[in-house]
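First the structure, in the form of structure tokens, and then the observations on it.
Values quoted throughout were computed directly from the atomic coordinates according to the rules given, and no laboratory measurement underlies them. Please read all numbers here as calculations on a predicted model, not as lab measurements. No Cβ is skipped: glycine too gets one built from the backbone with ideal geometry, and neighbour counts run over all protein chains shown.
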Amino acid sequence: MAKARQTVQTTDAAVLLDTKDIEILRLLQQNARMSVKEIADQVLLSPTPVHERIKRMERNGVIRSYAAMVDPAKVKKGLMVICYVSLKQHSKNAGSRFIKHIHELQEVIECYNISGEFDFMLKVVAENMDEYYNFHVNKLSQSENIGNVQSVFVMGVLKQTPVLV
């Protein structure tokens, strides 16, 4: 019987992943600290091919990185805000300057270029409202070319997962 293959699009080119690759990815997304042997036992392969598959997926950019999921409240970042930002000018240079500025702002943990009324959506974390106010007034709003900012305060996280496959 032929192995099922799934095409996964990366920034460079499509990567073919078979069912074992997908099983490995699911396990790593649930617990990136699993040993190769533990993964091999669960996907019914020996450790060497599992290790080779993981290395291939890392090289091909399917696995971009490994990270620890941190509880924001326990590191004094319990206030989460979604900021919608529109720019005054939409030239390539103006957008690039804004993106460069966003990369310098530690409070911004995610940034998306979006369509619609706003140009960007930022996920911002802060300790409290005073800290967010300081960020908004003294950092974000100081970025040149800001047209409009709308802040939406997250009341509670109902679902948050890094699992894609």
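Here is the figure for the stretch 128-156: residues that are more than 26 Å from residue 91 (Cβ to Cβ), exposed (fewer than 15 other Cβ atoms within 10 Å of the Cβ) and acidic (Asp, Glu) total 1.
Being touching a residue at least 24 places away in the same chain (Cβ under 8 Å) and surrounded by fewer than 15 Cβ atoms within 10 Å (Cβ to Cβ) is a property that does not hold for residue 104. Scanning the stretch 119-165 for residues that are touching a residue at least 12 places away in the same chain (Cβ under 8 Å), within 17 Å of residue 97 (Cα to Cα) and not in a strand (DSSP E or B) yields 119, 139, 140, 143, 144, 145.
Of the listed requirements (1) in contact with a strand residue (DSSP E or B) (Cβ under 7 Å, 6 or more places away or on another chain); (2) exposed (fewer than 12 other Cβ atoms within 10 Å of the Cβ), residue 77 misses just one: (2). Could we say that residue 97 is under 30 Å from residue 128 (Cβ atoms), free of Cβ contacts under 8 Å to residues at least 60 places away in the same chain, over 18 Å from the mean Cα position of the chain (by Cα) and surrounded by 14 or more Cβ atoms within 10 Å (Cβ to Cβ) here? Yes; evaluated as a whole, the condition is true for this residue. Checking each residue in the stretch 50-66 for being of a type outside the set (S, T, N, Q), surrounded by fewer than 14 Cβ atoms within 10 Å (Cβ to Cβ) and either within 16 Å of residue 29 (Cα to Cα) or in contact with a Lys or Arg (Cβ under 9 Å, 6 or more places away or on another chain) (or both) picks out 55, 58, 61, 64, 66.
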